[in-house]
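Taking it in order: structure first as C-alpha cells, then the write-up.
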Amino acid sequence: MRQSAFLILLLSAGLLACKGNRKPAPGEAQTIYLTPAIRPYTEKILKDTMKAEAWFNRGAALHQLGKDSLALQDWYHAARLDSNRADYASAIGDLLFEHKDLNASVGWLQRALRHNPEDPKAQLKVAKMMLFTKDYEQAFTAINTALRKDAFNPEGYYLKGMVYKELKDTSKAISSFQTALNVKPDYRDAAIQLGQIYSQNHNKLGLDYYAAAFKMDTTDVFPLYARGMYFQNEKNFEAAKEEYRHCVERDPQYADAVFAMGYILLQQDSFSKARRQFDLVTRISPADARAYYNRGLCSELMGDKDAAAADYRQALNFNSHYANAAEGLDRVRR
C-alpha cells in the first residue's frame with residue numbers, strides 16, 4: 001500500500017518543467033522527497049494521497065529550496081484534486097511568471113480570478129504581468145482592484161510606483177514608493193527605487209534611501225555600489241572609491257564595484273593600480289569583455305603593447321562587435 005502510494009508521488013502526470021529549471025530525473029526526485037526538509041511533507045501525503053493541501057504544502061517547501069519543477073508538479077496535482085482553490089491557481093501562475101512562461105501563467109491567473117475576482121494576490125500578479133508587457137492601463141486596473149480589497153497592501157503601492165516610473169511620472173512614482181514604505185517600513189525594493197530616482201536627479205536624499213536599504217539586508221551590497229555610482233556621477237571620485245571599498249570588503253566577488261574602482265583609477269592616470277582592478281574582474285567574471293579591454297588599455301598606456309594586444313584579442317573573442325577593442329588592436333599593431 002505504502003509502496004503504491006509512493007509511486008504516485010513520483011509518477012504524477014502533468015509536469016511541464018519551468019523554463020530555466022531542470023526537470024529532475026525520477027531517482028533524483030525520490031531522493032529530494034526523502035530529504036530532512038521535505039520528508040515530513042511527503043509522509044503527510046502518504047497518509048492521504050487525496051488531500052490537496054498536503055500536496056500544495058510540499059510544493060511550497062520545494063519552492064523554498066529552489067526545486068521549482070517539482071514544486072509545480074505538486075501544485076498541479078493539488079489543483080487537480082481541488083480545482084476550486086484560487087490560491088493554488090494563483091501560486092502556479094506566479095511561479096510560471098517567475099520563469100517567464102507568460103502564456104501558461106496568464107491562464108492560471110485567470111483561473112484564480114474566476115474563483116475569486118477580488119483576490120489581491122492574484123490581481124497584483126496580473127499587474128506584474130501587465131507591467132512586464134507594458135499594458136499600463138490594465139496594470140492600474142489590477143492594482144486598484146487589489147488596493148480596494150486591501151488598502152494596506154505595500155506591494156500594490158510599490159507596483160503603482162513602478163508603473164508611474166515607466167510612464168516617466170516621477171512625482172507620482174516617488175509618492176507611491178513612499179506610501180509603500182509608510183505601510184511597510186522595511187519594504188527594501190521601494191527604498192532602492194527611491195534611491196535610484198533621487199540619485200538620477202542629483203539629489204543626495206538618494207544616499208539616505210540606499211543606506212536604509214542596506215541596513216534592511218546587509219548581505220546584498222548593491223546599495224553600497226549604488227552609493228558609489230552616485231558619487232562617481234557627481235565627480236566626487238574619492239567618496240566613490242570609499243563606497244566601492246566598503247562594497248568589496250563585504251563582497252570581494254562583486255565585480256561591478258571592482259570594475260568601477262578600476263575605471264576611476266584609470267581616469268586618475270593610475271594605470272598600474274587600475275590594471276590590477278581590471279585583472280581582478282577577469283578572475284571574478286572570466287567572460288567580461290569590458291574587463292579585458294580596459295586591462296588592455298592600461299597596458300597600452302603603460303607602453304606594454306604585447307599585453308595590450310593579447311587583451312584586446314580576448315575582448316573580441318567574447319564580443320566580436322566590440323569596436324573599441326578592435327580599434328585598440330589596430331593601434332598597437334601599427
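Only the coordinates and a few stated rules stand behind these numbers; no lab work does. Values in this document were obtained by computation on a predicted structure and should not be read as measured data. Every residue, glycine among them, receives a Cβ derived from its backbone with ideal geometry; neighbour counts consider all protein chains shown.
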Hydrodynamic radius by Kirkwood, which averages 1/r over all alpha carbon pairs of the stretch 172-256, in angstrom: 12.9
Cβ-placed point charges (K, R +1; D, E -1), dipole of the chain about Cα centre in debye, nearest 20: 460
Bins of 10 Å from zero: percent of alpha-carbon pairs in the chain: 6, 18, 20, 23, 19, 10, 3, 0
Relative exposure of 187, 292, judged by other C-beta atoms within 10 Å (fewest first): 187, 292
Table column - 3J(HN,Hα) (Hz), the stretch 114-122, Karplus curve with 6.51, -1.76, 1.60, x for Gly and Pro: 5, 6, 8, x, 9, 4, x, 4, 5
On Cα atoms only, tilt of 2-11 relative to the major axis of the chain in degrees: 50
The stretch 113-182-the stretch 183-218 distance, computed between alpha-carbon centres (Å): 19
Angle in degrees between helix 271-284 and the longest Cα principal axis of the chain, rounded to the nearest 10: 20
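By counting other Cβ atoms within 10 Å of each Cβ, how are 164, 225 ranked from fewest to most?
By the 10 Å Cβ count, ascending: 164, 225.
Once the Cα gyration tensor of the stretch 144-298 is diagonalised, what are the square roots of 5 times its eigenvalues, in whole Å and ordered largest first, as equivalent ellipsoid semi-axes?
Equivalent ellipsoid semi-axes, largest first: 35, 15, 14 Å.
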Estimated vicinal HN-Hα couplings, Hz - the stretch 294-305 in sequence order (Karplus 6.51, -1.76, 1.60; Gly, Pro = x): 5, 5, x, 4, 4, 4, 4, 5, 8, x, 9, 5
In order through the stretch 87-96: 3J(HN,Hα) via Karplus (6.51 cos²θ - 1.76 cosθ + 1.60), integer Hz, x for Gly, Pro: 5, 5, 4, 5, 5, 5, x, 5, 5, 4
Mean Cα-pair separation over length for the chain, i.e. relative contact order, pairs under 8 Å, 6 or more apart, %: 6
Kirkwood Rh in Å, taken over all unlike Cα pairs in the stretch 21-121: 13.8
Helix-derived mean residue ellipticity, 222 nm - over the chain, DSSP H n ≥ 4, -39500 (n - 2.57), to 500: -23500 deg cm²/dmol
